[in-house]
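I have placed the structure first, in the form of structure tokens, so that the comments after it can refer back to it.
Taken together, the values in this text are just the output of simple stated rules run on the coordinates, not laboratory data. These numbers were taken from a predicted model, which means no experiment stands behind them. Backbone-built Cβ (ideal geometry, glycine too); neighbour counts: all protein chains shown.
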Amino acid sequence: MAITKERKGELVAQYSDLLSRTDGFIVTEYRGLSVAKLDELRNRLRDAAGGSYTVTKNTLFSIALQQSGWPVPEDLLLGPTAVAFGNGNLPAVAKAIQAYQKDNPDVFVLKGGVLSGAVFGSKDIEAVSNLPTMDEVRAQLLGLLTQPAASLAGLLNSATSQVVNVLHAYVQKNSSEGTEAA
């Protein structure tokens, strides 16, 4: 059944919106998955990684990719295609997608994806899944930012204690000289 020109425009706009909010996406083939299984995958992605999963029309998704400035992985956009969007956390989405694929190997196929303007194949999804998640990157960055402050505080504390030690020794020396003179 053909879709109307208005509906095609709506789908391109929907895909463009999803692309504007993502850091990358993974293209899958969902042939044979039931609606219940698709919903299970959507829930996993949303709960585990804040990702989303959308069944796409290949031609319309290609148009949205071009309009949004993303590379168009034409070899990945063949057959029944659905796309998992990272929404700022593509490594966590890749981990969830891989786990789902292991649970459903006969009906769920990983084709590849796009990250930072680079197209990658299905074998590269594992490498993407091993990238640190946004929470891990934030923790590492916070550690890098707080480490100099902690070092500075330790240095200041050390300098202060050294001054106190010198003053204490001076007082001790003067008080012992005062008692010897008496």
If neighbour count is taken as other Cβ atoms inside 10 Å, put T59, T22, T54 in order from fewest to most.
T59, T54, T22
How would L167, L45 line up from fewest to most surrounding beta-carbon atoms within 10 angstrom?
L167, L45
Which ³J(HN,Hα) values, rounded to whole Hz and listed in residue order, are derived for segment 44-60 from phi using the Karplus coefficients 6.51, -1.76 and 1.60 in 6.51 cos²θ - 1.76 cosθ + 1.60 with θ = phi - 60°, glycine and proline given as x?
4, 5, 5, 6, 7, 9, x, x, 9, 9, 9, 6, 10, 8, 4, 5, 5
For D106, D47, ascending order of other Cβ atoms within 10 Å (fewest first) is D106, D47
Could you pull out the pairs from K102/K123; K5/K37; K57/K111 whose alpha carbons sit more than 20 Å apart here?
K5/K37
Rounded Å value of the spacing that divides the Cα centres of segment 1-36 and segment 54-69:
7 Å
Summing +1 per Lys or Arg and -1 per Asp or Glu among the other residues with Cβ less than 13 Å from Y15's Cβ gives +2
